[in-house]
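The values are calculated or read from the model by the stated rules, or taken from the named source; none is laboratory data. Keep in mind the model is a prediction, meaning the values are calculated, not measured. Because the Cβ atoms are built from the backbone with ideal geometry, glycine has one as well, and the counts that use them run over all protein chains shown.
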Amino acid sequence: MTLDEFVKAVSALDTHASALVSAATTPAELESARNALLGRKNGDLSALMKSLPSLPADDRREAGAAVNRVKTTIEELLANRAGSLVPVAPSGPRIDLTMPARENWKGGRHPVTVVIEEIESIFRELGFTIALGPEAETEWYNFTSLNFPENHPAMDMHDTLYLSDEVLLRTHTSPVQIRTMQTTKPPIRILAPGNVYRRDFFDASHAPMFSQIEGLAVDEGIGFVDLKATLTHFANRFFGGTKTRFRPSYFPFTEPSAEMDVECQICHGSGCSSCKNTGWMEILGSGMVHPNVLIAAGLDAERYTGWAFGMGPARIAMLRYKLPDIRLLYDSDMRFLAQVSS
Ligand SMILES: [Zn+2]
């Protein structure tokens, strides 16, 4: 190659570079133009430099200077072009900066959970501890040990969900009372929260699975007055001061038995449709533990007495939040939960 041919090649590269750089319209295109022109391995400039040794020795200095000039020119072209290119947003959804910020949703406890935890904390202060038991129970724990007469209607297939001939889904948390008395020496003070199952229709006031809380106290020399004082204290704490009354009732596992009413939380006693104009609402069942139950659990019924109670947290949540339909508590409707959860 002669010097003349070399200088022509340098000039051609200058023209080519100018066209290539101005044709680039994005930073990516400009980067590939830079590689084509200045790339170390296959770039146009390095190809030109490789031909330098083929020139006569005297011409190499001038040729080298020409190569350096065009290199500087190309670098300037690239830098100028880079400054004039507007960066393009990365592909994907465009960002709308005028859009309002997303609301930060805060989780909350379900109203039934809130009620259960509050009941637990009131009874914990009174020395009660929490006891749990299995949801699949034997007929003996669920009925027989609790003094249900044979062929009691509650044992019917229509009311109880049987898993086999002997095993069923517990219809109340009372089996936990038996299991506790079997393993714990009195004095006993327990609270047993948990899920229970009935073959109920799912309507405004019934659900096939619901939570229940039961309490049990067993000791020497305790009586109905302890039951009444404790449950009255509980109602006053929970509802913030309320009238209470006890009405005689019947349960197979307690004798005598009583239901406790609190003043209607909606009309405060004057009568409304929620309390069927009585001014009262039932919140729990209770009674002195039947001696047969103590004996079934292996305790000395001559020495010990006990009292027990049971209530439905969902029903109490309905009273507290003035709900017309129990299904609101199972629907997971955010519009409702956002109003009552905490
Ligand atoms: Zn009322």
Taking the stretch 271-281 and keeping residues surrounded by fewer than 18 Cβ atoms within 10 Å (Cβ to Cβ) and more than 7 Å from the ligand (Cβ to nearest atom) leaves 273, 276, 277, 278
Can you spot a residue in the stretch 161-171 that is of a type in the set (Ser, Thr, Tyr), in contact with a helix residue (DSSP H, G or I) (Cβ under 8 Å, 6 or more places away or on another chain) and surrounded by 14 or more Cβ atoms within 10 Å (Cβ to Cβ)? yes
Are there any pairs with C-beta distances below 7 angstrom linking a residue in the stretch 277-288 that is farther than 13 Å from residue 251 by Cβ to a residue that is charged (D, E, K, R) and more than 16 Å from the ligand (Cβ to nearest atom), with the two at least 6 apart or on different chains, and if so which? 282/259
Among the listed residues 217, 207, identify the single one that is modelled with pLDDT of 95 or more and assigned by TED's automatic domain parsing to the domain that holds residue 306. 217
Within the stretch 15-51, track down each residue that is more than 21 Å from residue 79 (Cα to Cα), surrounded by 13 or more Cβ atoms within 10 Å (Cβ to Cβ) and without any contact (Cβ under 8 Å) to a residue 24 or more places away in the chain. 47, 49
Given the conditions (1) within 16 Å of the ligand (Cβ to nearest atom); (2) surrounded by fewer than 16 Cβ atoms within 10 Å (Cβ to Cβ); (3) touching a residue at least 40 places away in the same chain (Cβ under 8 Å), report the number of the one that residue 265 does not fulfil. (2)
Inside the stretch 245-262, can you point out the residues that are more than 16 Å from the ligand (Cβ to nearest atom), touching a strand residue (DSSP E or B) at 6+ places or on another chain (Cβ under 9 Å) and not hydroxyl-bearing (Ser, Thr, Tyr)? 246, 247, 248, 251, 253, 255, 256, 258, 259, 260
Quick one: which helices (runs of 4 or more DSSP H) sit completely within the stretch 230-342 and have at least 3 residues that are of a type outside the set (A, V, I, L, M, F, W, C)? 313-321
Go through the stretch 257-283 and report how many residues are within 23 Å of residue 126 (Cα to Cα) and not charged (D, E, K, R). 5
Could you check the stretch 56-171 for helices (runs of 4 or more DSSP H) lying wholly inside it with 3 or more residues that are without any contact (Cβ under 8 Å) to a residue 24 or more places away in the chain? 60-84, 111-125
If we scan the stretch 89-100, do we find a residue that is out of contact with any strand residue (DSSP E or B) (no Cβ under 9 Å at 6 or more places or on another chain) and surrounded by 14 or more Cβ atoms within 10 Å (Cβ to Cβ)? no
Are any residues in the stretch 282-336 within 16 Å of the ligand (Cβ to nearest atom), exposed (fewer than 15 other Cβ atoms within 10 Å of the Cβ) and under 25 Å from residue 223 (Cα atoms), and if so, which ones? none
